[in-house]
Each structure stands twice: as structure tokens, then as C-alpha cells.
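As C-alpha cells, the structure follows; a few thoughts come after it.
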């Protein structure tokens, strides 16, 4: 979650997306609708922002903007849940909890409970893999590789292995990343924007109806509660992709027209920090508010979401000013630090260029 260029509509859509992520993680709702497209939307937006760079420079940048925040919040999350266990005097699981620090190496976000940061290691794998794929000059071959990745991803979803750095989920995520890249490269949004207003409105309405229908049909056909990319639970192959594509189409088309609603754009610009902190904050809210409120009511989930997002505002302002490296906005590693000698640096640049 983060981009290399500043697009108002991308920030807006990331803001809408992170709002749905937080709302989806409240005790209510575990929404079929939200889960059908919100994570595919983030992969799409990352693909839209993809820029070609020499391989080593690209990897170093991704380590700064994705892996280092993942590592920091893995440790902070691990400490948070350790303190929670100690406060509850729950000592039986301490040995197992200490082992969870290995997620720094496995990249599986198994830190005690703050699992939403799985996206960070997954997008790291997806973006690097796509950088390699994008170097293939034949567009049909590139498409074929991505198509096969979708089949492999679905097979891994059906068989259930959990791979390091969420590689099993990355096979599916790269499909949406590729779609975002193609939409940007082919300038499809400008074509859609040039159509007549009535045609856009009718198309959006019909696409949204189809999105909702296919999302719920997927759960019935596959006998699942909802799609869940974090758990690599996709349901029916065709209905999963059709529903996700339709949801992305609807929200991107609307977002491209709206461009900016300040609250959502602010959330979008700080989506990584919200992603990494909202689950522990929701837990704290549930512990205290759950004593007085009905956690199963429809309004509770929305109220919890708004409270957590409101609390995130001063936190994001503080982090942006005092510790931007936490969210990848101040590089920890640099090309010069990684490659010390100019001759080696020139040689590696030649190899990776």
C-alpha cells in the first residue's frame, strides 16, 4: 500500500479500500460483498502504480517501502500480543508465542493476531515477480504466464499449502496487479471517461448488480461463508475472478470521476499505517466497548471502524513527522549502502539494467 506517483483517484480508492478493510475486520460484518473485491482492488492499484526500474534498485526500494515496515510491525505486534498474554496471565501459550517471531523470516504475518500485514510480504513477492515478467517483450507470453499463475493460485487455494511470504496467495494477486498495469499502460480509464454520461451510469449500475450477484453466487456454489484472500479461500474460480473484476471496474470507474473526497484521500495516503495498526486497535475497542454495546449489531461494526480510523489520524500525523521509516517513507537502505564500491555498483547496474 503505497505508490511511486501521486494520483488523487488512487489515494481516494485506497482510502475507500482501507475503510472496507477495517470495517470487514470488525466483529460485524464479515461481509460477502466487502471480501469479494477489496484485496483484489489493492493489488490492482499497486499494479497501476508499477514503474520499471533496474532489478536491484527495485528490490532495495521494495525492502524499504514494504519489508522493513512489515518487519517493524511484526515485532511491535508480537510485543503487543505478548503483553496481552502476560496481562491475562495466560502463560501456557508463551512458548508457542515466542516461536511466532520466526514470521520475520517466513513472511506469513503469524505474529499473534495482527495478520492483515500479510499483504505487505505478498505484494513484495507480486511486484518483484511482475518486474521480471514485464521484461518479457512478447505480450502474449506475458499474458500466458499471468493466466497460468491464476490456475496455479487456484490449485494452491484448493490444496491448502501455506508458503513462505504468502507465495501461494501471490499467484492470485499477480493477476490483479497485471490488470492494473495493463489499464495504466493502455490508458483505458481515459477511454472510459470519454463515453457518454448516461452510458457510464447504466454500465456502472449493471456491473454492480452483476458484481453483487456473482459474489453471493460464489459463496453458495462453493459453500463458503465469504471469499478470503488472506486465507487463500477463493471459492469457484470463474465466479471469484468475475466478481472481483466487476467490483474493481465499478469502484475504479467511480473513483476516477470523483478523484477526491478529503477524508478518504487522507486515509489512502496513510493506508499502510492503518493496515498495520487497526487490528490491535479494534481488539482494544472490543475489550472496552464490548462490555456496554452489542458487538453483533450492524451499527457496532461501523462505530468501531469510525473510532479506530479517528484514532489513527493523530497517530499517522505523528509517524509521518517523527518516524516516517516505519511506513517506508524514509529509506533505511540505500543503493550506496548496499553496494559500497563504485565499480561493483556499476557492474551490478549493468547486470540488472
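Taken together, the values in this text are just the output of simple stated rules run on the coordinates, not laboratory data. Bear in mind that the values here come from a model prediction, so they are computed numbers and not experimental data. Cβ atoms come from the backbone with ideal geometry, glycine included; neighbour counts cover every protein chain shown.
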Calculated Rg and Dmax of the range 195-244 using C-alpha coordinates, Å: 13.2, 41
Residue 223 versus residue 330, label points 7 Å from Cα toward the beta carbon: distance in nm? 5.4 nm
Inverse mean reciprocal Cα-Cα distance (Kirkwood Rh) of the range 1-126, Å: 16.3 Å
Can you tell me what the convex hull of the Cα atoms of the range 80-128 projects to on average, as an area in nm²? 3.4 nm²
Mind giving me the nanometre distance, one decimal, between the label points for residue 310 and residue 188, set 7 Å out from Cα along Cα→Cβ? 3.9 nm
Relative contact order of the chain: what whole-number percent is it, with Cα pairs under 8 angstrom and at least 6 residues apart? 34 percent
CD proxy at 222 nm, helix term only [per DSSP H run n ≥ 4: -39500 (n - 2.57); per residue of the chain; nearest 500]: -22500 deg cm²/dmol
If you build the Cα gyration tensor of the chain and take the root of 5 times each eigenvalue, what three semi-axes come out, in whole angstrom, biggest first? 30, 28, 21
The Kirkwood hydrodynamic radius of the range 84-212, taken as the inverse of the mean 1/r over all distinct Cα pairs, in Å, comes to 18.0 Å
Two pseudo-spin positions, 7 Å from Cα along C-beta at residue 292 and at residue 321, lie apart in nanometres by 3.0 nm
